[in-house]
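Colleague: Structure provided below as structure tokens; questions to follow.
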Amino acid sequence: MSAINIKTLIRQDVLKFLNSFDTILSDCDGVLWLHTTPLPNASDVLNLFRKLGKRIFYVTNNSTKTRDELVEKCKSLQFEAHRDEIICTANLSARYLQSKAFTKKVFVIGSKAIAKELELADISYCGIGPDIIIENKSYHVFEKDPDISAVIVGFDEHFSYPKMIKAATYLNDPNVHFIGTNTDERFPIDNDIVIPGTGSLVRCIENCAERKAIIMGKPEEYMAKVLKEQYKIEPTSTLMIGDRCNTDILFGTRYGFTTLLVLTGVSSLSNIEKWKQSKQQEERDFVPNYYIDALGDMLCYLKQLEIEAS
Ligand SMILES: [Mg+2]
């Protein structure tokens with residue numbers, strides 16, 4: 001990949017570049033907002049893409065919000081959004097089980113959002129909330145629920161040793177589905193505290209279960225399959241915008257979407273320079289086709305396209 005700085009292109013080439021897409025896949029945190037703060041002009045850019053007739057999808061690995069909650073968040077930060085445009089891992093986990101005609105029960109290590117998405121899909125579940133070690137009480141035995149036929153691991157602030165025991169025990173049966181929402185190792189934060197991300201929990205359960213989970217989020221195949229098969233997106237006319245190279249950009253590289261990195265989140269230009277020189281193909285796949293400092297910097301080009309279209 002070439003990692004071309006959009007700002008070094010002549011204006012006409014940028015307009016041609018933008019016109020070549022009919023679908024925009026945008027990651028959320030680090031691209032559109034940072035936690036609850038919208039990034040400057042990002043909503044104008046996304047809303048203008050929409051006005052110019054492009055399909056928009058919000059593609060996020062976050063497993064702690066439902067599609068409806070993400071629509072609400074988008075709207076509160078001035079991004080137009082509809083439920084069908086939200087591709088999030090809590091919903092994909094439920095969707096995956098539906099695609100398997102799943103009728104049994106799920107043991108969930110994860111958030112209430114996963115529970116809500118399972119409820120919407122009419123799938124029963126257990127495991128949400130604290131499961132702690134009680135002093136003088138054995139945690140080595142528990143009563144297995146015979147209906148459990150899937151384990152989902154997402155972000156769970158109540159992650160515990162008893163939950164590990166239960167998940168690994170259910171997963172001892174090779175017929176039990178094993179779903180991980182995403183593999184992000186850490187949450188991006190701006191101080192010196194390390195906050196383990198969902199990937200750390202998924203790897204932990206994979207380790208004790210001695211099995212690999214099927215991963216719902218970027219950069220893995222399932223999300224791309226849903227976009228291509230259910231939403232009929234055409235990779236050659238799709239732009240994937242992200243801030244994290246080992247998820248967003250790798251996702252685009254693997255499944256044929258043109259990639260645009262913004263520098264308002266996790267990955268930096270010095271990372272890209274290092275990966276460009278890497279001897280490992282997977283690291284070279286982290287290099288985006290294009291980059292720009294911030295999504296909001298696209299606004300001047302989109303405004304020109306809007307004028308030309310009117
Ligand atoms: Mg991000």
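Colleague: Kindly write out, for the range 267-284 in residue order, the coupling ³J(HN,Hα) from the Karplus curve 6.51 cos²θ - 1.76 cosθ + 1.60 (θ = phi - 60°), rounded to whole Hz, with x marking Gly and Pro.
Modeller: Each residue's phi maps through the Karplus curve to give 8, 10, 4, 5, 4, 5, 4, 5, 5, 4, 8, 5, 7, 8, 4, 4, 6, 5 Hz.
Colleague: Output needed for the range 69-141: three equivalent-ellipsoid semi-axes, defined as square roots of 5 times the C-alpha gyration tensor eigenvalues, in descending order, whole Å. Walk me through the intermediate numbers first.
Modeller: Working: eigenvalues 188, 65, 11 Å².
Square roots of five times the eigenvalues give 31, 18, 7 Å.
Colleague: Using a Förster distance of 45 Å, how high is the FRET efficiency between L9 and K104, based on the Cβ-Cβ distance and rounded to 0.05? Show your work: numbers first, answer last.
Modeller: On the way: r = 53 Å, r/R0 = 1.19.
For R0 = 45 Å, the calculated efficiency reads 0.25.
Colleague: Shape verdict for the range 29-85, please, from the Cα gyration tensor: rounded (a/c under 1.5), prolate (a/b greater than b/c) or oblate.
Modeller: Oblate shape, in that a/c is at least 1.5 and b/c is the bigger or equal ratio.
Colleague: Give me the angle, in degrees from 0 to 90, between the Cα long axis of helix 89-99 and the longest principal axis of the Cα atoms of the chain, rounded to the nearest 10.
Modeller: Here the helix axis deviates by roughly 70 degrees.
Colleague: Rank by packing, highest mean first: peptides 11-17, 141-147, 39-45, with packing defined as the count of other Cβ atoms within 10 Å averaged across residues.
Modeller: Top of the packing list down: 39-45, 11-17, 141-147.
Colleague: Could you give log10 I(q)/I(0) at q = 0.07, 0.14 Å⁻¹ for the chain, computed by the Debye formula over C-alpha point scatterers of equal weight, without solvent?
Modeller: -0.29, -1.05
Colleague: State whether the range 159-203 is rounded, prolate or oblate according to the following rule on the C-alpha gyration tensor (a ≥ b ≥ c being the square roots of its eigenvalues): a/c under 1.5 gives rounded; otherwise a/b larger than b/c gives prolate, and the remaining case gives oblate.
Modeller: Working: a/c = 5.40, a/b = 2.20, b/c = 2.45.
Taking the square roots of the gyration eigenvalues as a ≥ b ≥ c, the range 159-203 is oblate.
Colleague: Using θ = phi - 60° and the Karplus form 6.51 cos²θ - 1.76 cosθ + 1.60, what ³J(HN,Hα) does each residue of the range 52-68 get, whole Hz, x for Gly and Pro?
Modeller: 7, x, 8, 7, 10, 10, 8, 10, 10, 7, 4, 9, 9, 9, 7, 4, 5
Colleague: Based on the Kirkwood radius over alpha-carbon pairs, what value in µm²/s does the Stokes-Einstein equation return for the translational diffusion coefficient of the range 160-250 at 10 °C and 1.306 mPa s?
Modeller: Answer from the Stokes-Einstein relation: 105 µm²/s.
Colleague: Limiting things to C-alpha atoms, what are the Rg and the maximum Cα-Cα separation (Dmax) for the range 1-62, in angstroms?
Modeller: Both quantities, over Cα of the range 1-62: 13.0, 36 Å.
Colleague: What whole-number distance in Å separates the alpha-carbon centres of the range 100-130 and the range 247-288?
Modeller: Answer, in whole Å: 34.
Colleague: From the phi angles alone, apply the Karplus equation (6.51, -1.76, 1.60; θ = phi - 60°) to the range 164-172 and give each ³J(HN,Hα) in whole Hz, x where the residue is Gly or Pro.
Modeller: Running phi through 6.51 cos²θ - 1.76 cosθ + 1.60 with θ = phi - 60° gives 4, 4, 5, 4, 5, 5, 4, 6, 5 Hz.
Colleague: While we're looking at this one, here's another question. Scan around G127 for amide H atoms under 5 Å from its own, H built in the peptide plane at 1.01 Å from N, and keep only partners 5 or more places away or cross-chain.
Modeller: Amide H neighbours of G127: V108.
Colleague: Compute the semi-axes of the equivalent ellipsoid of the range 92-215, taking the square root of 5 times each eigenvalue of the Cα gyration tensor, and list them largest first in whole Å.
Modeller: Over the Cα atoms of the range 92-215, the ellipsoid semi-axes are 22, 19, 14 Å.
Colleague: Would you mind classifying the range 241-310 by shape? Square roots of the alpha carbon gyration tensor eigenvalues, ordered a ≥ b ≥ c; an a/c under 1.5 is rounded, otherwise it is prolate if a/b is larger than b/c and oblate if not.
Modeller: prolate
Colleague: For the chain, calculate the relative contact order in percent as a whole number, restricting contacts to Cα pairs under 8 Å that are 6 or more residues apart. Before the final figure, lay out each step's value.
Modeller: Numbers: 583 pairs, mean separation 68.7, N = 310.
Computed over the chain, the figure is 22 percent.
Colleague: How high is the relative contact order of the range 92-215? Use alpha-carbon pairs under 8 Å, at least six apart in sequence, and give a whole percent.
Modeller: The value is 23 percent.
Colleague: Show me the ranking of peptides 219-231, 265-277 by mean Cβ neighbours inside 10 Å, starting with the highest.
Modeller: 219-231, 265-277
The numbers here are math on the coordinates, done by the rules we state, and not lab data. The shown structure was predicted, so the numbers you read here are calculated from the model rather than taken from an experiment. Using ideal geometry, Cβ is built from the backbone for each residue, glycine included, and neighbour counts are taken over all protein chains shown.
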